[in-house]
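Engineer: Supplied in structure tokens, the structure appears directly below.
The numbers here are math on the coordinates, done by the rules we state, and not lab data. These numbers were taken from a predicted model, which means no experiment stands behind them. Don't worry about glycine lacking a Cβ; one is built from the backbone with ideal geometry, like all the others, and counts go over all protein chains shown.
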DNA sequence: TGGGAACAGTCGGATAGCCGACAACGTTGC
DNA sequence: GCAACGTTGTCGGCTATCCGACTGTTCCCA
């Protein structure tokens, strides 16, 4: 029991940022753990939906979650997050409805924290509140970086970078080109053309609903990380 | 003395988000006020520069601050913030160098909070830490909205929206077209062309370093807020 | 008061990416 | 085994935007 619990604590601590100058103590983690519970979600099911009352935040423990928002013309993917991400906390703290929907794209295990239990815990454990703050700010920074990255980059560069980010340990990305296009906010045809060029350059191989990365350094070069911003 | 101080406290409370379900108490604000001091900056001077050690965060009390980052080819504006904004806190909490520069674009009064003084205060006053957290998350949400807003919109639509956001009470925007273009991530020429069309449509008037909004509803229509995303 | 710097306005060429359309291929279910 | 459907691959036309260049205007300061 001790082992599993300690592992759990270590993971919670990792999710909330760097541990070097403000260590979390055991009692903090105990408190945080007592304010929530694990939930499992199958691919395609929702953790929460846009417009629902935001009673909980989730910390993703396993799997991948897609955040998207409805518009009158279809839906728009905001981002895709994996292990360690904290989602739904913005709306929860503001006590307002969720402003996006969260859907599991692979089998997801998440730690669900209810507002009514969480807030007293944070008030009693300022270190945990500080951690959460730092975690949120890290996310803010990442989003700002994404804004800069999206601006003034060709579809080909964006595709290259996305493949580097999304490829699994075997170097494969299990996505249709249409989904990839939606994630990048580009058209399917443009993505297809970019992939064709990358294929001709022997950087990737393409198949049905699958893209395999065969030359990571080459892709990184195409993605233009050289002139990238921090 | 009491009046000015109370005003100060009320303003600090406002900057850190909604006050309805988690009120800040006097002692919290006293503590926060004691952890920093006011600084004044003339237009063109820096609050901090990219790469400097991040020892302080700033809460903008008056004026307008531009955040930008250097790249090998010139600089890129990340965002522009006004009264109530909290800047530099990300790098400060992470104990890393600032990753962007902050320059005053008008006479700025800001409340400077030093890390060494601030962190003990936050640990002693969990409500203040919660406030800060909520403030940061609000900013995160605004940034995510900006990402969505930027995607798939013409320069003309973006210009219209920017003018609505940035115009002062007299309906004027004191910006060169080049600065406007940088803020939008577009070229000066495209912005100029869009402004010419808006001028022809009697929605704005243009002058040297100045644009005056004369028809807000018309501009809102052009900006396409109808199909906008909350 | 004059000259230089910053800014506004405009043109033409080049191009990246969108859109519609369509054929070929893979997958799934009956 | 075949039909329906989702996916990939590719084409041509179209438009928004970028880029370089140039002119005329406004501002600022010596």
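Engineer: Once the Cα atoms of helix B:115-124 and of chain B are each reduced to a long axis, what angle between those two axes, in degrees from 0 to 90 to the nearest 10, is obtained?
Structural biologist: 70
Engineer: Also, quick follow-up: How many percent of the alpha carbon pairs in the protein assembly as shown exceed a separation of 32 Å?
Structural biologist: Values: 47998 of 105570 pairs.
Everything past 32 Å amounts to 45 percent.
Engineer: Another question, then. Could you tell me the relative contact order of chain B? Use alpha-carbon pairs under 8 Å, at least six residues apart, and round to a whole percent.
Structural biologist: Values: 353 pairs, mean separation 44.0, N = 230.
Once divided by the residue count of chain B, the mean separation gives 19 percent.
Engineer: Given Cα positions, please report Rg to Rh for chain A, the hydrodynamic radius being the Kirkwood one. Present the calculation step by step, with values, prior to reporting the outcome.
Structural biologist: Details: Rg = 19.4 Å, Rh = 19.3 Å.
Reported Rg/Rh (Cα atoms, Kirkwood Rh): 1.00.
Engineer: If you take the beta carbon distance between residue B:212 and residue A:196 as r and set R0 to 41 Å, what does 1/(1 + (r/R0)^6) give as a FRET efficiency, to the nearest 0.05?
Structural biologist: Details: r = 49 Å, r/R0 = 1.19.
That pair, residue B:212 with residue A:196, gives E of 0.25.
Engineer: What average number of partner chain Cβ atoms lie no more than 10 Å from the Cβ of the residues making up B:184-196? Walk me through the intermediate numbers first.
Structural biologist: Details: counts 1, 5, 2, 0, 0, 0, 0, 0, 0, 0, 0, 0, 0.
Partner-chain Cβ atoms within 10 Å, mean over residues of B:184-196: 1.
Engineer: Still on this structure, please answer the following. On average, how many beta carbons from a partner chain sit within 10 Å of the beta carbon of a residue in B:121-134? Can you show the working numbers first?
Structural biologist: Values: counts 0, 5, 6, 1, 2, 11, 4, 2, 10, 8, 2, 5, 12, 7.
If you average over the peptide's residues, the count of other-chain Cβ atoms is 5.
Engineer: Points 7 angstrom from Cα along the Cβ direction at residue A:106 and residue B:6: gap in nanometres?
Structural biologist: Taking the two extended label points, one gets 5.8 nm.
Engineer: What gaps in nm, shortest first, separate residue A:188 from its twins in the other copies when you place the label 7 Å past Cα toward the beta carbon?
Structural biologist: Shortest to longest, the spacings are 4.2 nm.
Engineer: Shifting gears a bit: Within the stretch B:150-170, what residues put their amide N at less than 20 Å from the label point 7 Å along the Cα-to-Cβ vector of residue B:62?
Structural biologist: So the set is B:168-170.
Engineer: Gain in length, residue A:153 to residue A:174, computed as 0.36 nm per residue apart minus the alpha-carbon separation, to one decimal in nm?
Structural biologist: Values: separation 21, 0.36 × 21 = 7.56 nm, distance 2.38 nm.
Net length gain for the segment: 5.2 nm.
Engineer: Moving on to the next point. Per residue and in cubic angstrom, what volume does the convex hull of the Cα atoms of the stretch A:101-230 have?
Structural biologist: 147
Engineer: Give the angle, between 0 and 90 degrees and rounded to the nearest 10, that separates the Cα long axis of helix B:126-150 from the longest principal axis of the Cα atoms of chain B.
Structural biologist: Helix B:126-150 sits at roughly 10 degrees to that axis.
Engineer: Okay, moving on. Just to confirm the number: angle between the C-alpha axis of helix A:2-15 and the first principal axis of chain A, 0 to 90 degrees, nearest 10?
Structural biologist: The helix A:2-15 is inclined about 60 degrees to chain A.
Engineer: What distance in nm separates the simple spin-label points at residue B:145 and residue A:53, each placed 7 Å from Cα in the Cβ direction?
Structural biologist: 2.4
Engineer: Right, another one. Other chains near B:79-89: what is the mean number of their Cβ atoms within 10 Å of each residue's Cβ? Intermediate values should be presented prior to the final figure.
Structural biologist: On the way: counts 2, 0, 0, 0, 0, 0, 0, 1, 0, 0, 4.
So the per-residue partner count for this stretch is 1.
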